[in-house]
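The values are calculated or read from the model by the stated rules, or taken from the named source; none is laboratory data. Note that the structure is a prediction, hence the values are computed from the model and not measured. Note that we place each Cβ from the backbone using ideal geometry, even for glycine, and neighbour counts take in every protein chain shown.
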Amino acid sequence: MAQINLLPWRDERRQELKKEFLGVIAFVLALAVGLVLLGDRVVNSQIDEQKSRNQYLKQHIAVLDKQVAEIRDIQKKRNQLLDRMRVIQELQGNRPIIVRILDQLVRTVPDGVFYTRLTTKNKAITISGVAESNNRVSSLMRRLDASDWLSDPNLDAVRAAPAYGEQATTFNLTVKVQLPTTGAQDGEG
């Protein structure tokens, strides 16, 4: 039998397989590096795109915040104007009431009594005056209590006033303002 030496052929074959294997590894490695670079570029472009979207949103949110602040300011001014209008309407509506109250104060004064000072605060009128006698002060209080526009007279102080007469007194009293029912208002006008 002939002897064939296959060792050199096997070595050659091994070298070829080794070269092919290294070539495949180099190709796969190059392909992997290329894919990683491509993936990195894709991800970076998506990040940049998202950053630009976020910046766009931030700009528009800032614009909307300014508009919301303007709207709040306008609402505040509107509420202030409505409050002013309400106060003006109340003053306009209270004009006849003030006239009626002053008229009632004049109508309830009995002879021998005169007022020296009137002050108002929170629907209460403080009256200071001089009367010829204590009976005149009592008569004034009864008349004030009987009035449709005034109620709850309360005598705060009574002092002798000999400068105005023998039985003369100075007095301070408080009376509350009370709006009459609509029937009483209609009957007086």
field: the stretch 66-93 residues that are farther than 30 Å from L179 by Cβ, paired with ones that are in a helix (DSSP H, G or I) and of a type in the set (K, R) (beta carbon under 8 Å, 6 or more apart)
entry: none
- request: Return yes or no: is R86 modelled with pLDDT of 85 or more and in a helix (DSSP H, G or I)?
  value: yes
- prompt: Which number in (1) surrounded by 15 or more Cβ atoms within 10 Å (Cβ to Cβ); (2) modelled with pLDDT of 85 or more marks the one condition that I101 misses?
  reply: (2)
field: Boolean, Q75 is more than 30 Å from Y164 (Cα to Cα) and in a helix (DSSP H, G or I)
entry: yes
- prompt: Is at least one residue of the stretch 28-36 assigned to a helix (DSSP H, G or I), more than 30 Å from S139 (Cα to Cα) and not aliphatic (A, V, I, L, M)?
  reply: yes
- line: Expected output for the stretch 134-145 (first residue without any contact (Cβ under 8 Å) to a residue 24 or more places away in the chain, partner among the polar types (S, T, N, Q) and buried (at least 18 other Cβ atoms within 10 Å of the Cβ), Cβ below 8 Å, 6+ apart or cross-chain) is none
query: Between residues in the stretch 164-179 that are surrounded by fewer than 16 Cβ atoms within 10 Å (Cβ to Cβ) and of a type in the set (F, W, Y) and residues that are outside any loop (DSSP other than H, G, I, E, B) and at pLDDT 85 or above, which pairs lie under 9 Å by C-beta distance while being six or more apart or on different chains?
result: Y164/V130; Y164/A131; Y164/T170
query: Are any of the residues in the stretch 130-138 in contact with a Lys or Arg (Cβ under 6 Å, 6 or more places away or on another chain) and surrounded by 11 or more Cβ atoms within 10 Å (Cβ to Cβ)?
result: no
field: Members of the stretch 120-150 that are within 48 Å of the chain's Cα centre (by Cα) and of a type in the set (A, V, I, L, M, F, W, C)
entry: A124, I125, I127, L140, M141, L144, A146, W149, L150
field: Selected residue (criterion: nearest to the chain's Cα centre (by Cα)) from residues of the stretch 108-119 that are farther than 11 Å from N172 by Cα and surrounded by 13 or more Cβ atoms within 10 Å (Cβ to Cβ)
entry: T108
message: Among the residues of the stretch 120-127, are any under 15 Å from T169 (Cβ atoms) and crowded, with 18+ Cβ neighbours inside 10 Å?
response: yes
field: Yes/no for D156 being over 16 Å from Q178 (Cβ atoms), acidic (D, E) and in a strand (DSSP E or B)
entry: yes
